[in-house]
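A short worksheet on the structure shown next.
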Amino acid sequence: MAPKSDVSRLSGTDLIHADEAFSDTNVAPSISVSTTFKQAVDGPLAAALDITRDAEMFRSPDSKHVYSRYTQQTYSRVEAILSKINHGYAITYSSGLSAAHAAFLLLKPKRVAIRNGYHGVHGVLEIYKRERDVEIIDLDDDFRPGDVCWLETPLNPTGQVRDIKYYADKIHAVGGKLGIDATFGPPPLSYPFKWGADVVMHSGTKYFGGHSDMLCGILVVKTINEWGQLLADRTMTGTMMGSLESWLLLRSLRTLHLRVPRQSSNATVLAHWLHKIANTPEGKEHDGVPGGMVLQVWHDSLQGRGSKGDGKGGRPEFEPKEQMEGGFAPTFGMMLTKPEYAAALPFALEFFIPATSLGGVESLIEQRARSDPGADPRLIRLSIGVEDVEDLKSDLRRAFNEIKKGKAKL
Ligand SMILES: *Cc1c(COP(=O)(O)O)cnc(C)c1O
């Protein structure tokens, strides 16, 4: 029986069984590192294969693998699950940024509308622009034919959401395409195709991988033709993930529906708690944490109806909760009142690890200026893991008090 799936729910059955047609007699998937595969006397001639024409064959469990720059068993299994749970045609890459680059090669924009978000994607665009006459414009500039709108939501590092439907309508009105970097909102939190996205990108390094141990990128498109084009491009640019990484990703996907909602609910509890602390004046305290240390907390759960996330754009009736239907972002930002506090806090904690990146089962905390050259030195990013949220609170409570009393190293 085919696993059941509906658009609003991340099915554990799909995560465990959507690759069943690819499996052998092993219960746990095998690690396959072979770069090349035995040819059959009566098999297809690799020289006669046309990837875009034969794209269905390359995705099929019966695909005769040729060479691992095209396909191999574990990528195919992983992509079968990713296609099912993202309700499109999914393909994997060596990193989130190589996936973003592949998306621009597919969409061939003359102008790209983008604002803020993950700095690396802006770096990719700089490279994309080198040999092309491409203009970068703002999300709220007027669009014209040939434009691509690239929207990151929820947004790094604040976890605030942008209105996908608003930007989809705006770019579709001129015949352009909408790409969504949904890294901060993996399934089951958000489903960008429902609101009009044309291409969805994820840094699979974050929530899909979920254990801070592998790099990968994911693109999801709506048609087999686009998927075939992406596979053909990937085969020639050599940007597939490693065979061992694909096995780690397959293993991680089995628990995506258990990890992500827990991370999301932990983050929502902490964001509200920190928000109350931010509203506590100097000299008072909230739940044992001194006021006057946290200036502001950002999170999509604090955004409210009609709020425009990072400033402009969006419909007045936009409801962040509708777009984040499976829970709010598990990563968010806060501004402390002093750069010294932001420098000290990551190193005064026991359960939060001072490190960049996000999405893993362990909570991470970072003074953002350490990784993003343009960031305010008071800005902190927190990626919340699957620990017990009361332990995370206690950890922060103790660290804030030690810093305030001058016990922690400033
Ligand atoms: C991490 C990240 C990327 C880049 O992904 P890599 O896997 O590190 O290449 C892109 N966008 C967002 C929002 C990210 O958090």
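For the chain, the longest principal axis of the Cα atoms and the long axis of helix 96-107 meet at an angle of about 60 degrees.
A probe of 1.4 angstrom, applied to the heavy atoms of all protein chains, finds Leu258 with accessible area near 110 square angstrom. Reducing the stretch 243-299 and the stretch 370-410 to their Cα centroids gives an inter-centroid distance of 11 Å.
The angle separating the long axis of helix 256-278 from the principal Cα axis of greatest extent in the chain is about 20 degrees.
Each Cα pair under 8 Å and six or more residues apart adds its separation to the average, and for the chain the resulting relative contact order is 16 percent. Across the stretch 23-37, coupling constants 3J(HN,Hα) worked out from phi with the 6.51/-1.76/1.60 Karplus curve, θ = phi - 60°, read 7, 10, 7, 5, 6, 7, x, 7, 7, 10, 10, 5, 8, 9, 10 Hz, and Gly and Pro carry x. Which of Tyr128, Leu382, Pro290 sits farthest toward the positive end of the charge dipole of the chain, with +1 on the Cβ of Lys and Arg and -1 on the Cβ of Asp and Glu? Positive-most Cα among the choices belongs to Pro290. When the P(r) of the stretch 257-404 is calculated, the portion above 18 Å amounts to 57% of the C-alpha pairs. Using heavy atoms of the protein chains and a probe of 1.4 Å, the accessible area assigned to Asp310 is about 40 Å². Using the 1.4 Å probe convention, the accessible area of the stretch 12-254 works out to 41 Å² per residue with neighbouring protein chains retained.
Would the stretch 12-254 count as rounded, prolate or oblate if I go by the C-alpha gyration tensor, calling it rounded below 1.5 in a/c and otherwise prolate when a/b exceeds b/c, oblate otherwise? Since a/c reaches 1.5 and a/b is larger than b/c, the shape of the stretch 12-254 is classed as prolate. About its Cα centre, the chain has a charge dipole of approximately 460 debye under the convention of +1 per Lys or Arg Cβ and -1 per Asp or Glu Cβ, with nothing else charged. State the answer as a single residue: which of Gly333, Leu358, Phe318 lies farthest towards the positive end of the charge dipole of the stretch 300-364, with beta carbon charges of +1 for Lys and Arg and -1 for Asp and Glu, about the Cα centre. With unit charges placed on the Cβ atoms, the residue in question is Phe318.
Computed from Cα positions, the angle between helix 389-404 and the longest principal axis of the chain comes to roughly 50 degrees. Surface exposure of the stretch 257-404, expressed per residue as accessible area with a 1.4 Å probe, stands at 40 Å². When the Gaussian network model of the chain links Cα atoms closer than 10 Å, the mean-square fluctuations of Ser95, Ser203, Ser63 top out at Ser63.
Of the GluC sites (Glu not before Pro) found in the stretch 43-140, those in coil by DSSP whose Cβ has at most 16 other Cβ atoms within 10 Å are Glu131.
Within the stretch 293-370, the GluC sites (Glu not before Pro) that combine a DSSP coil assignment with at most 13 other C-beta atoms in a 10 angstrom radius are Glu317, Glu350. Assuming a ≥ b ≥ c are the square roots of the Cα gyration tensor eigenvalues, decide whether the chain counts as rounded (a/c under 1.5), prolate (otherwise, with a/b larger than b/c) or oblate. Prolate, because a/c is 1.5 or more and a/b exceeds b/c.
Placing Arg115, Arg398, Arg130 in order of accessible area, with the largest value first and a 1.4 Å probe, yields Arg130, Arg398, Arg115. Got a number for carbon plus sulfur as a percent of the chain's accessible area, 1.4 Å probe? Percent of accessible area from carbon and sulfur atoms in the chain: 53. Note on Lys308: lysines with a C-alpha under 23 Å away, same-chain residues under 8 apart excluded, are Lys165, Lys170, Lys177, Lys194, Lys276, Lys321. For the stretch 79-155, taking the reciprocal of the average inverse distance between every pair of different Cα atoms yields a Kirkwood hydrodynamic radius of 13.6 Å.
For the chain, with a Gaussian network of springs between Cα atoms less than 10 Å apart, report the residue from Thr92, Thr223, Thr235 with the top mean-square fluctuation. So, out of Thr92, Thr223, Thr235, the one fluctuating most is Thr223.
The trypsin sites (Lys or Arg not before Pro) of the stretch 18-113 that DSSP puts in a loop, and whose beta carbon has at most 13 other beta carbons within 10 Å, are Lys38, Arg53.
The values are calculated or read from the model by the stated rules, or taken from the named source; none is laboratory data. Since we're looking at a predicted model, the values are computed, not measured. Ideal geometry is used to build each Cβ from the backbone, glycine not excepted, and the neighbour counts take in all protein chains shown. Keep in mind that these areas ignore ligands, DNA and RNA; they rest on the heavy atoms of the full protein, side chains included. Shrake-Rupley method; radii C 1.70, N 1.55, O 1.52, S 1.80 Å.
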